[in-house]
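Engineer: Sharing a structure below in structure tokens format, with a few things to ask.
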Amino acid sequence: MKTKLSIDAKILSAIHSRGKGAVFVPADFLEFGSREAIDIALHRLTKKGTIRRLARGVYDFPKIHTALGLLSPSAETVAKALAGRDYTRLQPAGAFAANALGLSE
């Protein structure tokens, strides 16, 4: 007999599968339940300290450095999560584009 996992457990499993440093938005978990239920589950995980709220509707599963403590996610990781949420296409420009192409350091 299979047991039915709670929304919290499903979300936590999905977060762990993404690994430390992952950034996500509630819409990433809509397959597990209603938006309200997902918001409540993310709130509970934030209160437990499992995940961190970066901004309204943006969370991360923080990496922890032994000397520095909690590390912030890269701007690129946050931008990718927001682009997925807002259905926006990312286009690197300027110095970032040159660096990504290996034209500069």
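Engineer: What number goes with the only condition from (1) assigned to a loop (DSSP other than H, G, I, E, B); (2) modelled with pLDDT of 95 or more; (3) not aliphatic (A, V, I, L, M) that K47 does not pass?
Structural biologist: The failed condition is (1).
Engineer: With the requirement that a residue be under 23 Å from D39 (Cα atoms), in a loop (DSSP other than H, G, I, E, B) and not basic (K, R), what does region 57-105 give you?
Structural biologist: Correct list: G57, F61, P62, S72, P73, Y87, T88.
Engineer: Could I ask something else about it? Run T66 past the list (1) without any contact (Cβ under 8 Å) to a residue 40 or more places away in the chain; (2) β-branched (V, I, T); (3) surrounded by 11 or more Cβ atoms within 10 Å (Cβ to Cβ) and report the number of the one that doesn't hold.
Structural biologist: (3)
Engineer: Would you mind stating whether I51 is closer than 19 Å to G84 by Cβ and either touching a residue at least 24 places away in the same chain (Cβ under 8 Å) or surrounded by 15 or more Cβ atoms within 10 Å (Cβ to Cβ) (or both)?
Structural biologist: Numbers: closer than 19 Å to G84 by Cβ: yes; either touching a residue at least 24 places away in the same chain (Cβ under 8 Å) or surrounded by 15 or more Cβ atoms within 10 Å (Cβ to Cβ) (or both): yes.
When the stated conditions are applied, I51 passes them.
Engineer: Quick one: count up the residues across region 26-44 that are of a type in the set (A, V, I, L, M) and crowded, with 19+ Cβ neighbours inside 10 Å.
Structural biologist: Number satisfying all stated conditions: 3.
Engineer: Moving on to the next point. Hey, does region 35-56 have a residue that's within 14 Å of T77 (Cα to Cα) and touching a strand residue (DSSP E or B) at 6+ places or on another chain (Cβ under 9 Å)?
Structural biologist: Yes, because at least one residue in region 35-56 is within 14 Å of T77 (Cα to Cα) and touching a strand residue (DSSP E or B) at 6+ places or on another chain (Cβ under 9 Å).
Engineer: Follow-up question, since we're still on this one. State all residues of region 9-40 that are in contact with a Ser or Thr (Cβ under 9 Å, 6 or more places away or on another chain) and closer than 14 Å to V58 by Cα; if no residue qualifies, say none.
Structural biologist: I15, G21, A22, V23
The values are calculated or read from the model by the stated rules, or taken from the named source; none is laboratory data. These figures come from a predicted structure and were not determined experimentally. When we count neighbours, we look across all protein chains shown, and the Cβ atoms used for this are built from the backbone with ideal geometry, even at glycine.
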